[in-house]
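Encoded as C-alpha cells, the structure appears first; notes follow it.
The values are calculated or read from the model by the stated rules, or taken from the named source; none is laboratory data. Remember, predicted model here, so these are calculated numbers, not experimental data. Heads up, the Cβs are rebuilt from the backbone with ideal geometry, glycines too, and the neighbour counts pull from every protein chain shown.
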Amino acid sequence: MIIDSHVHIGVFGRYDMKPEYVIDSMERYGIDYSLLSPITGVEFGQEHTPLPDDWPYDQQTANIEAIAFARENDGKIGILPWCRPNAEGFTDEFARLIDESGRYIKGLKFHPYHSMLPVTAPQIEPYLSFAAEKGLPVEVHSSNDEFSQPRFVYEVAKAHPSINFIMVHMGLITDNNEAIELIGSLPNLYGDTTWVNPESGLKLMKKYGAHKLLFGTDNPIDGPDTYAHPFYKVYMGEFREWVSHDDYELLMHGNAERIFDI
Ligand SMILES: [Zn+2]
C-alpha cells in the first residue's frame with residue numbers, strides 16, 4: 001500500500017501535469033491513493049511574474065476542477081484545495097465548496113512562493129480557523145526563498161496546536177537540517193519526502209520517529225515517470241531495508257492515513 005501525499009494536476013507555464021498522467025503513473029508504479037492539489041491555483045508565476053491576462057482560473061474554478069477529477073476516480077484521489085490568500089482570500093463560497101465536497105477534501109494547501117505571502121500572514125488566518133474547525137490538516141510548500149522559509153511553517157504550527165501541518169520539501173534547496181530540527185520540536189508538524197534526499201528522510205525518522213515523515217513526490221511534475229527519479233526509486237525500493245517493516249509502512253501510507261483520515 002502506497003499513498004502519495006503530494007501530487008498535482010494542471011497545466012501552467014513549464015508544468016504539464018495532465019490528469020491522465022496521474023492515473024497512469026499511479027497504476028504503473030503501484031500507488032494506491034494520491035493527495036492532490038491543482039497548480040492552476042497559483043497567484044503568481046515563476047520569478048513572481050503576474051498571471052497572463054487571459055488566465056482562466058480562480059480559487060473556485062481551480063479547485064472545482066480538481067474535485068471533479070477526484071469524483072471521477074473515486075477511492076484513488078483526495079483533494080487538498082489550493083488556497084489563494086493573496087487574490088480572493090478565504091470566502092464563504094470557498095467554505096461552501098469544501099463543505100459540499102465532503103469526503104473528497106482531505107486538507108488545505110498553501111504555496112507561499114506562488115502566493116507571495118508567508119504562511120504567517122494575516123490573510124492565512126481565516127483559512128486556519130476553518131481548518132481547525134473542520135479538523136483539516138494543512139500542507140505548506142517550504143524552500144529557501146523569502147516567503148517559504150521552514151521557520152514560518154514552524155511558527156504557524158506552534159500558534160495552531162490543534163492543526164497538523166506538513167512542511168512539504170523540508171526546506172527545498174537546503175540541506176534539510178533546519179527543517180528536521182523544527183519538525184522534531186513540535187508534535188503537530190511533519191515532513192514529507194518531496195525532493196528530499198533519502199538520507200535526510202532517514203535522519204528525520206531516526207532522530208524524531210517514523211511517525212514524522214510522509215511519502216510525497218510532486219507527481220507528475222517531471223512527466224509521467226516522475227516516480228523514476230533517483231530519490232523516489234530509493235524510497236520505493238531499498239529504503240525498506242533501511243528501517244523496520246513497521247516504520248516503512250508508516251512512511252509509505254500509515255502516517256498519511258492517520259493525519260488525513262484516509
Ligand atoms: Zn508541489
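Tabulated values for the structure
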{"quantity": "Filtered residue count, segment 4-18, keeping only those that are surrounded by fewer than 23 Cβ atoms within 10 Å (Cβ to Cβ) and either aliphatic (A, V, I, L, M) or under 17 Å from the mean Cα position of the chain (by Cα) (or both)", "calculated": "3"}
{"quantity": "Residues of segment 32-61 that turn out to be within 16 Å of the chain's Cα centre (by Cα) and of a type in the set (A, V, I, L, M, F, W, C), as a count", "calculated": "4"}
{"quantity": "Complete set of residues in segment 182-226 that are of a type in the set (Phe, Trp, Tyr) and surrounded by 24 or more Cβ atoms within 10 Å (Cβ to Cβ)", "calculated": "Tyr190, Phe215"}
{"quantity": "Within segment 1-106, strands (runs of 3 or more DSSP E) holding 3 or more residues that are within 15 Å of the ligand (Cβ to nearest atom) and modelled with pLDDT under 95", "calculated": "none"}
{"quantity": "Within segment 186-247, helices (runs of 4 or more DSSP H) holding 3 or more residues that are touching a residue at least 24 places away in the same chain (Cβ under 8 Å)", "calculated": "198-208, 230-236"}
{"quantity": "Residues of segment 147-162 satisfying the condition of being assigned to a loop (DSSP other than H, G, I, E, B) and either crowded, with 21+ Cβ neighbours inside 10 Å or within 16 Å of the ligand (Cβ to nearest atom) (or both)", "calculated": "Phe147, Ser148, Gln149"}
{"quantity": "Residues within segment 113-144 that are out of contact with any helix residue (DSSP H, G or I) (no Cβ under 7 Å at 6 or more places or on another chain) and within 19 Å of Val196 (Cβ to Cβ), tallied", "calculated": "3"}
